[in-house]
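> Below is the structure I would like to discuss, written out as structure tokens.
The values are calculated or read from the model by the stated rules, or taken from the named source; none is laboratory data. All values derive from a computational prediction rather than experimental measurement. Quick reminder, even Gly has a Cβ in these numbers, built from the backbone with ideal geometry, and neighbours come from all protein chains shown.
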Number of protein chains: 10
Amino acid sequence: MLFAVRMDVDIPRDLDPAVREETVAREKAYSQQLQRAGEWRHIWRVVGRYSNISVFDVSSNERLHDILWGLPLFPYMTIEVTPLAAHPSQA
Amino acid sequence: MLFAVRMDVDIPRDLDPAVREETVAREKAYSQQLQRAGEWRHIWRVVGRYSNISVFDVSSNERLHDILWGLPLFPYMTIEVTPLAAHPSQA
Amino acid sequence: MLFAVRMDVDIPRDLDPAVREETVAREKAYSQQLQRAGEWRHIWRVVGRYSNISVFDVSSNERLHDILWGLPLFPYMTIEVTPLAAHPSQA
Amino acid sequence: MLFAVRMDVDIPRDLDPAVREETVAREKAYSQQLQRAGEWRHIWRVVGRYSNISVFDVSSNERLHDILWGLPLFPYMTIEVTPLAAHPSQA
Amino acid sequence: MLFAVRMDVDIPRDLDPAVREETVAREKAYSQQLQRAGEWRHIWRVVGRYSNISVFDVSSNERLHDILWGLPLFPYMTIEVTPLAAHPSQA
Amino acid sequence: MLFAVRMDVDIPRDLDPAVREETVAREKAYSQQLQRAGEWRHIWRVVGRYSNISVFDVSSNERLHDILWGLPLFPYMTIEVTPLAAHPSQA
Amino acid sequence: MLFAVRMDVDIPRDLDPAVREETVAREKAYSQQLQRAGEWRHIWRVVGRYSNISVFDVSSNERLHDILWGLPLFPYMTIEVTPLAAHPSQA
Amino acid sequence: MLFAVRMDVDIPRDLDPAVREETVAREKAYSQQLQRAGEWRHIWRVVGRYSNISVFDVSSNERLHDILWGLPLFPYMTIEVTPLAAHPSQA
Amino acid sequence: MLFAVRMDVDIPRDLDPAVREETVAREKAYSQQLQRAGEWRHIWRVVGRYSNISVFDVSSNERLHDILWGLPLFPYMTIEVTPLAAHPSQA
Amino acid sequence: MLFAVRMDVDIPRDLDPAVREETVAREKAYSQQLQRAGEWRHIWRVVGRYSNISVFDVSSNERLHDILWGLPLFPYMTIEVTPLAAHPSQA
């Protein structure tokens, strides 16, 4: 089941730089693991923003929530979820 | 070059049914031709809406505008374009 | 899988009264059939509005879209879908 | 009398972790007591958010306000209340 | 139980003038009957708008919805309902 | 002259608790004095919010501004003012 | 008593041209009479819009509403009213 | 050349009280000097807000920007500028 | 004096096709004359929209308003004007 | 390829003044280098705001993102990107 997800990141300026660096690194690893597993199908940077537009392919709403809630940067994100379906014009 | 594009469709109720049917059919053919050509990379239906979220891979802004302007349903659409770039977390 | 769905209805004033009446009756039958089948779990009227807030329990995004797209009043509705998950405070 | 209530939670990052943990635990106990009493009829997590959509069944506006005002997380919440009525399509 | 209700009126320009006049007259009678009965506690005109801000005192959400749904101008109104409670600073 | 006024209160979390308590107490006394004087005609709590909807009956815009500017909680409030007039449907 | 008023005009395209011309002429005469009487203190065109920003000096909210409600173009206007007071920095 | 300018002021609570007082005093002097010079034609307080609506008469956009950028309270203001022109209904 | 201007065009579907064609042609001629005269400095199409972003260099607000008000497509446009000044980083 | 970019700057008040000064200086140098290279085609100040409207001419979305991401003031900016195309009315 597909979902478009937009994540806008806003890391507080006073976060300890080492914590910041380590969190961003964990975020990247977390994301890549899910990409390789096939659940995080696409991730694109939004030009000019600390944001991404992603597409997830998951078994359920529960699974998607668990993935998003577990994002290392989740406390610093605003997330918008749009459920998708197959489009009749799909070639 | 990648762009996320959301299209919200609102066909006027008083459009002649035959014109409507023919226009929707042309829209589908137009979209599928571009999908097969590789420029219209993804198209998904937004659940509960007469809308889609698409991803285009085009050579320029000009090319994207020409494609969108030429959509048979363009006069009945509200279109939002978001330029995308590669994401550093991409696996 | 659960989804909160808000539907705001705006039937055009110049719709033929017989068509209107018949469409509203079909909408009611359609809704009640899905309620009895267990997929349309809750439906409440929003006070002071021609709107409802509903909860659906469906097998997939595709299934939810098919249900909503098939609503007899779909052409006159604005629909907003919110995916839900179990809440850790649920008793 | 039924009300849909959406609660968006934003706990300040600098809240003492022990206080945070204790407040979240009290919130859960408070919610579950009201669920068992039948006044907090439904609670669902909004996917990808620190938010819930709930349905309350209370005797009055006053009672609903007292419940919400007493939430341990109330100082960190934005709350939106929508009064509900029975829907004529209810099966 | 108290509710603040804002009603914004937008009567279509092409409504038959006799129908319009008759509907506005029925609206006034309907409102005044409820005012005398004590359920429609206050009604004020918003300066510069075809709008009112009202306060209702009703026994339930259901009752409020029935009153609003029955307004002769209901099809031409946008209505916003805000549930009220006693304020601790009330003298 | 009547005005609807909505006040949304947001007291900073780090305000000294004694100052907070004293300010809220002064706010209450200030409000009640104006209620008894007849200028602050109504005050209601908005359910689920640290907000009120009030109606003022004052001699001028200047007088209303002086009252609002003098609110002990004014620095922590967002205030929206709507001028009112008599409604032709008033019974 | 002073009020800032913004009026956005949207005359329907299918209004009879003679009616349109006559209405605009009456609007101008109506406005100029109130300007000469001192109640309509200022009127400015918003650059690039069929809109004006005006300042009224009237005896009461009631009087302002009567003036605005009586505008020949009132049915085609969206009006926003902002009550003003003397500013302490006024020279 | 005329411009309507709205300024919403939000002075941080933790600004040193002496600095605050001195800045507000400088703001007043700055404003009054420009009022006497004829460039700051009007200034009104928005009722219930720490805001003003002003009208400037300046020789150019550059001049207006220099004036606004130089406001002692500029760092704490949100400013909205609306270019004005003579209105054909002006008496 | 420079202004950024965004124009969003929405030509009614039922406009006579010949009138539409003629109006669009006049719009183009009107724009090009002003471009050659140096007042309409830039015009760009917004990708995916029937909109443009333009930059004008005019002697006054009055002149800009006259230009915009005189656009053949003005009745079908929503126009937003942003006054510009020289930027200190300009090379 | 052309893009309109609006940048709204909000430098935190508690940033060390020397850091602030140095960052603003680096921003200016960075911008001017790109202006001289022809990629940052225009930059204008928005009157009354700490904002600019710019036009970029770059080879790709990737390039634009790299430029914006590298702005010394990027962490304190909100950036909005609008892809542009040639306009058929261009003279």
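> Could you please let me know if C:Ala91 is touching a residue at least 12 places away in the same chain (Cβ under 8 Å) and either within 9 Å of chain D (Cβ to nearest Cβ) or in contact with a Leu (Cβ under 6 Å, 6 or more places away or on another chain) (or both)?
no
> H:Thr78 versus (1) more than 12 Å from chain G (Cβ to nearest Cβ); (2) closer than 27 Å to G:Phe56 by Cβ; (3) surrounded by 16 or more Cβ atoms within 10 Å (Cβ to Cβ): which is the lone unmet condition?
Single failed check for H:Thr78: (3).
> Follow-up. What are the residues in the stretch I:47-67 that are more than 13 Å from chain J (Cβ to nearest Cβ) and small (Gly, Ala, Ser), if any?
I:Ser59, I:Ser60 - these are the residues of the stretch I:47-67 that are more than 13 Å from chain J (Cβ to nearest Cβ) and small (Gly, Ala, Ser).
> Restricting attention to the stretch C:1-41, which residues are modelled with pLDDT under 95 and within 12 Å of the chain's Cα centre (by Cα)?
Within the stretch C:1-41, no residue meets the criteria.
> Continuing with the same structure: For the stretch E:1-17, give me the residue count where each residue is in a loop (DSSP other than H, G, I, E, B) and surrounded by 19 or more Cβ atoms within 10 Å (Cβ to Cβ).
1
> Can you confirm whether F:Arg20 is surrounded by 14 or more Cβ atoms within 10 Å (Cβ to Cβ), of a type in the set (Lys, Arg) and in contact with a strand residue (DSSP E or B) (Cβ under 6 Å, 6 or more places away or on another chain)?
no
> What pairs come out if I take residues in the stretch G:31-46 that are at the interface with chain H (Cβ under 7 Å from one of its Cβ atoms) and surrounded by fewer than 20 Cβ atoms within 10 Å (Cβ to Cβ) and pair them with residues that are modelled with pLDDT of 95 or more and in a strand (DSSP E or B) whose C-beta lies under 9 Å away, six or more apart or interchain?
That search, which allows pairs on different chains as well, returns G:Gln32/G:Trp40; G:Gln35/G:Arg41; G:Gln35/G:His42; G:Gln35/G:Ile43.
> A further question follows. Could you grab me the full set of residues in the stretch C:47-70 that are free of Cβ contacts under 8 Å to residues at least 40 places away in the same chain and among the aromatic types (Phe, Trp, Tyr)?
Once the filter is applied, which keeps residues that are free of Cβ contacts under 8 Å to residues at least 40 places away in the same chain and among the aromatic types (Phe, Trp, Tyr), the stretch C:47-70 yields only C:Trp69.
> Condition check: hydroxyl-bearing (Ser, Thr, Tyr), in contact with a strand residue (DSSP E or B) (Cβ under 8 Å, 6 or more places away or on another chain) and more than 17 Å from A:Asn61 (Cβ to Cβ). Does C:Tyr30 satisfy that?
Criteria not met by C:Tyr30.
> Here is a further query. Report the residue count in the stretch I:3-30 for those that are more than 7 Å from every other protein chain (Cβ to nearest Cβ), farther than 19 Å from I:Pro83 by Cβ and basic (Lys, Arg).
Matching residues across the stretch I:3-30 total 2.
> Report, by residue number, each residue of the stretch H:42-66 that is hydrophobic (A, V, I, L, M, F, W, C), within 14 Å of the chain's Cα centre (by Cα) and within 26 Å of F:Phe56 (Cα to Cα).
Correct list: H:Ile43, H:Trp44, H:Val46, H:Ile53.
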